[in-house]
Amino acid sequence: MNWFFHIGRYYIMMVRVFSKPEKWSIYRNQFVKEIDNLGIGSLGIVLIISVFMGAVITIQSAFGFESPWIPLYAVGVASRDSIILEFSPTIVSLILAGKVGSNIASEIGTMKVTEQIDALEIMGINSKAYLILPKIVAAVFINPFLIVISMFLSLLGGLIGGTMTGAVTSYQFIYGIQYDFRPYNVTYALIKTLFFAFIITSVSAYHGYYTQGGALEVGKSSTNAVVYSSIVILLFNFILTQILLS
Amino acid sequence: MIEVKNIYKSFNGKSVLKDINVTFEKGKTNLIIGESGSGKTVLLKTMVGLFHPDSGSVIYEGRNFSNMKFEERKEIRKEIGMLFQGGALFDSLTVEENVMFPLGMFTNMTLAEQKDRADFCLERVNLQTAHKLFPAEISGGMKKRVAIARAIAASPKYLFCDEPNSGLDPKTSILIDNLIYELTEELNITTVVITHDMNSVMEIGDNISFLYKGEINWQGHREEIMRTDSVELNNFVYASEFMKKLKQSLSHHGY
Ligand SMILES: Nc1ncnc2c1ncn2[C@@H]1O[C@H](COP(=O)(O)OP(=O)(O)OP(=O)(O)O)[C@@H](O)[C@H]1O
Ligand SMILES: [Mg+2]
């Protein structure tokens, strides 16, 4: 089936997702659950990836700048910019698309093929809103925190990795991080993060919700969720960068 | 009372239901019987709006469900309890939470009241010890019973059961049949039960519709079923050698 069909059906789904909820208290409980599941549950992987990638980015920058004409603090500047502009918002979001996206698609997909979604509908519940809205809201709320944490940890990883390997001194690295710092870059990163959080949750939920068949198809939906949310993230990364940085 | 009028339904050009006309009466246990693949589940799902019929209408006490909007349907859906063929329990909730779910969603009951109601419903299906377990931790028959408890929790006016006693032992099976029958009379609700089980048919079938290849082939009371001259229904009822012999010996004795 073609892109137009999917975009149309995605749009129709989102209209129902954002229609008036049955009972606010239920949504609040679901929201808290999702914060725990999608946010707190992703802290571990964000921590590990950020520290190691931060270290590698710093060592690579230092490797590229092995020239007497470039001051050593430039390593700090370059690492900071790669981390804030691209690594934390985009790469970490892609990693989250893998973790959270497959989780959402398989959860909703399983509910679909085992008629749990039909059961919700029979009770008169708007199943799209009930299942998907709390996930979108939770991710849009919590992902900026995850990304900011990732930025800090990556810079920390850069500091540790850079000084441990002797690529840069801690004084120069910290000086570099602060040198010509532009707060707008963080704003840009967070705007991207919000879009990416929305994309990850809604695209994955879409693939889960329209699963048909059995366990095999749930597996396929889960793979598709990761593939398509990653593609859409990359596309929006390009568009948003054009709009926000030029 | 639910009236099904001229329902047609096909999937990708393959016709599954053809001109279904049937009335399900209030206070009675209405059965739908038929071979595997004859369209029973599709009929039930069309009646509750999970499938859209190609044409025809389903009317709940004069209210035409088929041309209602989502918001209007919601009102009728709150009056429906449904047991799915596969149970369809919520995996992430415990047995007790599953039964409480419709109450939490649509009533103003306090948590304690919901728990009481859940206790009561679980007791009615003979399940007193599984409250805190998850669906993955209980047996198939127990799941079925939890699903029935959930279907009756919010005191529905319309109860739909897709094979309530498949996969249950004969004793539990009879217990469930009786439960459905009693609830129907007691609460004066309209109940529609799909079954292949001839035992159930003979026990609780007030009003039986026999679906054959997507059409209503025969309709009647359990007492009439033995004397039918529909060849298809006879083949269905007397499918086993045992039943054939039973019929012969019964007719031999003048029944
Ligand atoms: N979602 C669907 N898409 C396409 N075809 C379907 C769908 N659901 C059911 N069918 C077809 O409709 C026919 C009737 O199926 P249905 O599930 O109603 O049978 P049934 O009478 O409930 O059988 P059983 O007793 O085995 O549950 C089958 O041929 C089936 O392949
Ligand atoms: Mg069926």
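The values are calculated or read from the model by the stated rules, or taken from the named source; none is laboratory data. Bear in mind that the values here come from a model prediction, so they are computed numbers and not experimental data. Backbone-built Cβ (ideal geometry, glycine too); neighbour counts: all protein chains shown. Please note that ligands, DNA and RNA were not included when accessible areas were found on the heavy atoms of the full protein model with its side chains. Shrake-Rupley method; radii C 1.70, N 1.55, O 1.52, S 1.80 Å.
Quick grid of which residues meet (1) over 29 Å from residue B:130 (Cα atoms); (2) in contact (Cβ under 8 Å) with a residue 24 or more places away in the chain; (3) facing chain A (nearest Cβ under 10 Å):
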| site | (1), (2), (3) |
| --- | --- |
| B:17 | yes, yes, no |
| B:25 | yes, yes, no |
| B:60 | yes, yes, no |
| B:79 | no, yes, yes |
| B:119 | no, no, no |
Odd one out for residue A:125, checked against (1) outside any helix (DSSP H, G or I); (2) more than 30 Å from residue B:93 (Cα to Cα): (2)
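Among the helices (runs of 4 or more DSSP H) lying completely within the range B:37-122, list those that include at least 3 residues that are within 16 Å of ligand 1 (Cβ to nearest atom). Write out each step before concluding.
Numbers: elements: B:40-47, B:70-77, B:95-106.
Of the helices (runs of 4 or more DSSP H) lying wholly inside the range B:37-122, those with at least 3 residues that are within 16 Å of ligand 1 (Cβ to nearest atom) span B:40-47.
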Filter result for residue A:100 (surrounded by fewer than 21 Cβ atoms within 10 Å (Cβ to Cβ), out of contact with any strand residue (DSSP E or B) (no Cβ under 8 Å at 6 or more places or on another chain) and either at pLDDT 95 or above or not hydrophobic (A, V, I, L, M, F, W, C) (or both)): no
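Evaluate the following for residue B:210: is it within 23 Å of residue B:20 (Cβ to Cβ), outside any helix (DSSP H, G or I) and not aliphatic (A, V, I, L, M)?
Values: within 23 Å of residue B:20 (Cβ to Cβ): yes; outside any helix (DSSP H, G or I): yes; not aliphatic (A, V, I, L, M): yes.
So residue B:210 passes the test.
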Residue check, residue B:11 closer than 27 Å to residue B:184 by Cα, within 16 Å of ligand 2 (Cβ to nearest atom), within 14 Å of another protein chain (Cβ to nearest Cβ) and open to solvent by 20 Å² or more (accessible area, probe 1.4 Å): no
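Just a yes or no: is a residue in the range A:197-206 within 27 Å of residue A:127 (Cα to Cα) and open to solvent by 40 Å² or more (accessible area, probe 1.4 Å)?
Looking for residues that are within 27 Å of residue A:127 (Cα to Cα) and open to solvent by 40 Å² or more (accessible area, probe 1.4 Å), one finds at least one in the range A:197-206, hence yes.
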Residue that is nearest to ligand 2 (Cβ to nearest atom) [pool: residues in the range B:88-105 that are within 8 Å of chain A (Cβ to nearest Cβ) and open to solvent by less than 20 Å² (accessible area, probe 1.4 Å)]: B:88
Residues satisfying the stated conditions in the range B:62-77, i.e. open to solvent by less than 40 Å² (accessible area, probe 1.4 Å), within 12 Å of another protein chain (Cβ to nearest Cβ) and not charged (D, E, K, R): B:76
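Residue by residue, here is whether (1) more than 14 Å from chain A (Cβ to nearest Cβ); (2) within 16 Å of ligand 1 (Cβ to nearest atom); (3) out of contact with any Gly (no Cβ under 9 Å at 6 or more places or on another chain) holds:
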position: B:147; (1), (2), (3): no, yes, no
position: B:178; (1), (2), (3): yes, no, yes
position: B:184; (1), (2), (3): yes, no, no
position: B:190; (1), (2), (3): yes, no, no
position: B:196; (1), (2), (3): yes, yes, no
position: B:212; (1), (2), (3): yes, yes, no
Count - residues of the range B:170-203 that are aliphatic (A, V, I, L, M), open to solvent by 30 Å² or more (accessible area, probe 1.4 Å) and closer than 19 Å to residue B:61 by Cβ: 1
Complete set of residues in the range B:26-50 that are within 13 Å of ligand 2 (Cβ to nearest atom) and open to solvent by 60 Å² or more (accessible area, probe 1.4 Å): B:35, B:36, B:37
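Answer yes or no as to whether residue B:172 is in a loop (DSSP other than H, G, I, E, B) and either of a type in the set (Lys, Arg) or modelled with pLDDT under 85 (or both). Give the steps one after another, and end with the answer.
Numbers: in a loop (DSSP other than H, G, I, E, B): no; either of a type in the set (Lys, Arg) or modelled with pLDDT under 85 (or both): yes.
Spelling it out, it is not the case that residue B:172 is in a loop (DSSP other than H, G, I, E, B) and either of a type in the set (Lys, Arg) or modelled with pLDDT under 85 (or both).
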Residues of the range B:118-169 classified as under 19 Å from residue B:187 (Cα atoms) and surrounded by fewer than 20 Cβ atoms within 10 Å (Cβ to Cβ), total: 6
Qualifying residue in the range A:105-122 (condition: touching a residue at least 40 places away in the same chain (Cβ under 8 Å), more than 14 Å from every other protein chain (Cβ to nearest Cβ) and more than 30 Å from residue B:159 (Cβ to Cβ)): yes
Residue within the range B:223-234 that is of a type outside the set (Asp, Glu), more than 24 Å from residue B:17 (Cβ to Cβ) and in contact (Cβ under 8 Å) with a residue 12 or more places away in the chain present: yes
Considering residues of the range B:98-126 that are under 26 Å from residue B:169 (Cα atoms) and charged (D, E, K, R) only, the residue modelled with the lowest pLDDT: B:124
